[in-house]
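> Before I ask anything, here is the structure I am working with.
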Amino acid sequence: MRSNEISYFLSFCIEQYKQKHHLTGEQSMAELDKYGVLDYLERHYEVLHTQSAQWIVEDIDEFISNRKKFLP
């Protein structure tokens, strides 16, 4: 049951990110995968799934911005 909840949450986050940035599903997944966003979302599911869609996307953007400082 819990793995289904996390899977649905990850799907929701991917879709929200994709819509905000006007990306295709493939582009969105490439970006999220490159910076380890899905692992981050899964690790912090307990806190993140209680937040609004807008807050989650802003958190993803901040996470990616921070990762870009350390990754090429």
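> Kindly list the number of the only condition in (1) modelled with pLDDT of 95 or more; (2) open to solvent by less than 60 Å² (accessible area, probe 1.4 Å) that fails for residue 55.
Only one criterion is unmet by residue 55, namely (2).
> If I ask for residues that are open to solvent by less than 50 Å² (accessible area, probe 1.4 Å), more than 23 Å from residue 71 (Cα to Cα) and over 11 Å from the mean Cα position of the chain (by Cα), which ones from the range 4-45 would you list?
Result: 6, single match.
> Okay, next question. Looking at the range 14-36, I want the residues that are basic (Lys, Arg) and have a partner that is open to solvent by less than 40 Å² (accessible area, probe 1.4 Å) and assigned to a helix (DSSP H, G or I) with Cβ atoms under 7 Å, at least 6 apart or on another chain. Which pairs are those?
Close Cβ pairs satisfying both conditions: 18/25; 18/28; 20/57.
The values are calculated or read from the model by the stated rules, or taken from the named source; none is laboratory data. Given the structure is predicted, the values throughout are model-derived calculations rather than measurements. Please note: Cβ atoms are built from the backbone with ideal geometry, for glycine as well, and neighbour counts cover all protein chains shown. These area figures cover heavy atoms from the full protein model, side chains too; ligands, DNA and RNA do not enter into them. Shrake-Rupley method; radii C 1.70, N 1.55, O 1.52, S 1.80 Å.
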